[in-house]
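Data block below; observations after.
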Amino acid sequence: MTTTDMPRPVDAGRGRAVSKKRPRRGAGSGGIRRAVSATTLLWLLACLYGLPVLWFVLSAFKPAGDLFSYPLTLVPHDPTLSGFKAAWESANFSQYFINTTIVCVITTILMVGASCCTGYALAKYDNRWLKVFFIGILATTMLPSEVMLAPEFLVVRDLGLYNSFAGIILPAVLTATGCFMFRQFFLTVPDELVEAARIDGARELAIFLRIMVPLSRPIMLTLAILSFQWRWNDYIWPLLMLNDPDKFTVQIGIQSIVGAQNINWSVLLGASVISMIPLIAIFLVFQRYVMGADINAGLKD
């Protein structure tokens, strides 16, 4: 009697096995649904952001009379390059491109180097004054850029750098964004890697140049792309610092196309699209190098 009333252990084990398998099927299907919905949402956001840009680029190929014709059309019926030709001929774009390229390249190199050194010191050296310095750097991000224009202009003018490329480059060398990016990256690098190099007799400069700099290449390229974009699109600071037309940057040159009474939208759109070409080329060339680095290389488990 007692043996027949007892449940079999084999049956109980099978019941538990079956109950464990059922949630896995539901979880897998739910994961697929979540992935599909997230992908769909990203495509919708991409379309929302890309449609105005596509409209802007295609409008540059429209004749001036078709820009505000009703009904509005996305694709130009009679594409033309007259806006680009008029924009290139109405302004000294070749000189503007050379000036802006010089400013962007020099500023980017100096910014990446200064931010890398500063971020490494803030991340790997334990000193309370470094922490205070880091807080001071972050505090600058809480101030509007318009508030800092007047004191920066006075300092640059008193240094004799007014109406020169150096007056545009030097204030942009050290930024809070670059220092923060490198500091956060170097914090993820294991301290054991630095200690192992010190035990092997490596000096601090050798550790930084031979270990930290190669590891931080993705951050360097990311900041370089951002810095080049910031300086290329900068308008207010070069407008304050430069009064020589031969030293104008691209953005000031585009602004000079705009008339006081009327705006030739076809020429303005053509000039704006021309100014976008270097940024697109820079991104397409260097974006494949912006990838994760193996920061655990050289360490044993």
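The values are calculated or read from the model by the stated rules, or taken from the named source; none is laboratory data. Computed from a prediction, not measured in an experiment: that's the story for all the values here. Here the Cβ is made from the backbone with ideal geometry for all residues, glycine too, and neighbour counts use every protein chain on show. Accessible surface is based on the protein model in full, side chains and every heavy atom, while ligands, DNA and RNA are left aside. Shrake-Rupley method; radii C 1.70, N 1.55, O 1.52, S 1.80 Å.
Can you tell me which of (1) open to solvent by 30 Å² or more (accessible area, probe 1.4 Å); (2) modelled with pLDDT of 85 or more is the one Tyr120 doesn't meet? Tyr120 satisfies every listed condition except (1). Residues of region 61-98 that are closer than 16 Å to Asp246 by Cβ, touching a Pro at 6+ places or on another chain (Cβ under 9 Å) and in a helix (DSSP H, G or I): Gln95, Phe97.
Considering only region 192-213, I want to know if a residue exists there that is surrounded by fewer than 15 Cβ atoms within 10 Å (Cβ to Cβ), part of a helix (DSSP H, G or I) and of a type in the set (Val, Ile, Thr). Yes, because at least one residue in region 192-213 is surrounded by fewer than 15 Cβ atoms within 10 Å (Cβ to Cβ), part of a helix (DSSP H, G or I) and of a type in the set (Val, Ile, Thr).
Mind telling me which of the residues Ser227, Ser256 ends up being open to solvent by 40 Å² or more (accessible area, probe 1.4 Å), part of a helix (DSSP H, G or I) and touching a residue at least 60 places away in the same chain (Cβ under 8 Å)? Spell out how you get there, then give the answer.
Working: Ser227 fails: open to solvent by 40 Å² or more (accessible area, probe 1.4 Å).
That would be Ser256, the only listed residue that is open to solvent by 40 Å² or more (accessible area, probe 1.4 Å), part of a helix (DSSP H, G or I) and touching a residue at least 60 places away in the same chain (Cβ under 8 Å).
The residues of region 221-253 that are acidic (Asp, Glu) and within 20 Å of the chain's Cα centre (by Cα) amount to a single one, Asp234.
Scanning for something modelled with pLDDT under 85, among the hydroxyl-bearing types (Ser, Thr, Tyr) and either farther than 30 Å from Pro63 by Cβ or open to solvent by 70 Å² or more (accessible area, probe 1.4 Å) (or both), does region 214-221 turn up at least one residue? So far as region 214-221 goes, no, none of its residues is modelled with pLDDT under 85, among the hydroxyl-bearing types (Ser, Thr, Tyr) and either farther than 30 Å from Pro63 by Cβ or open to solvent by 70 Å² or more (accessible area, probe 1.4 Å) (or both). When Thr141, Thr175 are screened for being polar (S, T, N, Q), touching a residue at least 24 places away in the same chain (Cβ under 8 Å), under 30 Å from Ile211 (Cβ atoms) and open to solvent by 40 Å² or more (accessible area, probe 1.4 Å), only Thr141 passes.
Residues are listed down the side, and each one gets a yes or a no for (1) at pLDDT below 90; (2) closer than 17 Å to Ile109 by Cα; (3) out of contact with any Pro (no Cβ under 9 Å at 6 or more places or on another chain):
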{"site": "Tyr162", "(1), (2), (3)": "no, no, yes"}
{"site": "Ala166", "(1), (2), (3)": "no, yes, yes"}
{"site": "Met181", "(1), (2), (3)": "no, yes, yes"}
{"site": "Val189", "(1), (2), (3)": "yes, no, yes"}
{"site": "Leu193", "(1), (2), (3)": "yes, no, yes"}
{"site": "Thr249", "(1), (2), (3)": "no, no, no"}
{"site": "Gln255", "(1), (2), (3)": "yes, no, yes"}
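Write out, first by first residue and then by second, each pair whose Cβ atoms fall under 7 Å of each other, whose residues are 6+ apart or on separate chains, and whose first residue, in region 191-204, is closer than 11 Å to Lys124 by Cβ while the second is open to solvent by 40 Å² or more (accessible area, probe 1.4 Å). Once the first residue is closer than 11 Å to Lys124 by Cβ and sits in region 191-204, its partners that are open to solvent by 40 Å² or more (accessible area, probe 1.4 Å) give Leu193/Ile211; Leu193/Gly298; Leu193/Leu299.
Does Lys62 satisfy the condition of being at pLDDT 55 or above, among the charged types (D, E, K, R) and either within 30 Å of Ser256 (Cβ to Cβ) or over 31 Å from the mean Cα position of the chain (by Cα) (or both)? Steps first, please.
Working: at pLDDT 55 or above: yes; among the charged types (D, E, K, R): yes; either within 30 Å of Ser256 (Cβ to Cβ) or over 31 Å from the mean Cα position of the chain (by Cα) (or both): yes.
Against the criterion (at pLDDT 55 or above, among the charged types (D, E, K, R) and either within 30 Å of Ser256 (Cβ to Cβ) or over 31 Å from the mean Cα position of the chain (by Cα) (or both)), Lys62 qualifies.
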